[in-house]
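The values are calculated or read from the model by the stated rules, or taken from the named source; none is laboratory data. These figures come from a predicted structure and were not determined experimentally. Please note: Cβ atoms are built from the backbone with ideal geometry, for glycine as well, and neighbour counts cover all protein chains shown.
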Amino acid sequence: MVNLLPQYWQKKLKDEEVFKTVSILGIVVVLAMISFILMLFLVKQYYSVNVAYLDAAVVEKEQELKIFKTEADEKKAVATDELVSRIGNFYAGQIKITDLFSRVSGATPAGVDLASFGYYLNNIDIQGYATDRDALVSFKNKLESVPGFKKVIFPQDNWLKARDISFSANIELAGNDAAGGK
């Protein structure tokens with residue numbers, strides 16, 4: 001096939017073809033680099049989550065090992081009747097979570113239902129459902145009057161709705177209350 005266009009137009013068409021080819025290749029390279037960067041980011045996130053999980057597992061195993069390393073102390077305690085006093089001190093220092101739960105549930109008025117209860121480092125986290133704001137106010141007032149509860153915190157977003165309220169709260173325990181509800 002013979003091209004009858006003048007050389008100027010032939011060169012211009014050839015330049016446009018080269019420009020389109022280079023543009024397409026450039027876009028493909030940029031998209032490949034972006035995809036590679038995103039893959040690296042996902043791999044980094046995956047391994048950071050795994051490292052955090054393994055760190056938590058190591059801490060848990062170390063705590064279990066501490067429990068098993070008390071054999072030498074137990075041998076000494078059996079000889080001198082010290083074991084009985086240590087066991088008594090151990091149980092006296094334990095946190096009675098059932099007591100804490102019964103105090104929270106005992107303060108629950110009609111119209112308030114608890115959905116979850118969690119305890120961690122002298123803090124109680126609760127979540128639940130209240131039929132209306134009055135029931136939630138009553139529940140907060142009752143919790144504040146419970147002995148041993150240092151601070152009762154309801155986030156502000158709990159108070160936005162007047163009815164059908166899903167709430168959460170944090171209760172800080174007084175120092176001696178965390179050691180067994182004394």
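If the condition is being surrounded by fewer than 10 Cβ atoms within 10 Å (Cβ to Cβ) and not in a helix (DSSP H, G or I), then the range 95-124 contributes ALA110, SER116, TYR120, LEU121.
Being within 30 Å of THR70 (Cα to Cα) and outside any strand (DSSP E or B) is the requirement here; does ASN89 meet it? Here the answer is yes, as ASN89 does meet what is asked.
Checking the condition of a type in the set (A, V, I, L, M, F, W, C) and modelled with pLDDT under 90, which residue from ALA130, ALA135, ALA174 passes?
On the way: ALA130 fails: modelled with pLDDT under 90; ALA135 fails: modelled with pLDDT under 90.
Checking each option against the conditions leaves just ALA174.
Taking the criterion of being loosely packed, with under 15 Cβ neighbours inside 10 Å and within 27 Å of GLN94 (Cα to Cα), the residues of the range 125-152 that qualify are ASP125, GLN127, GLU144, SER145, PRO147, LYS150, LYS151.
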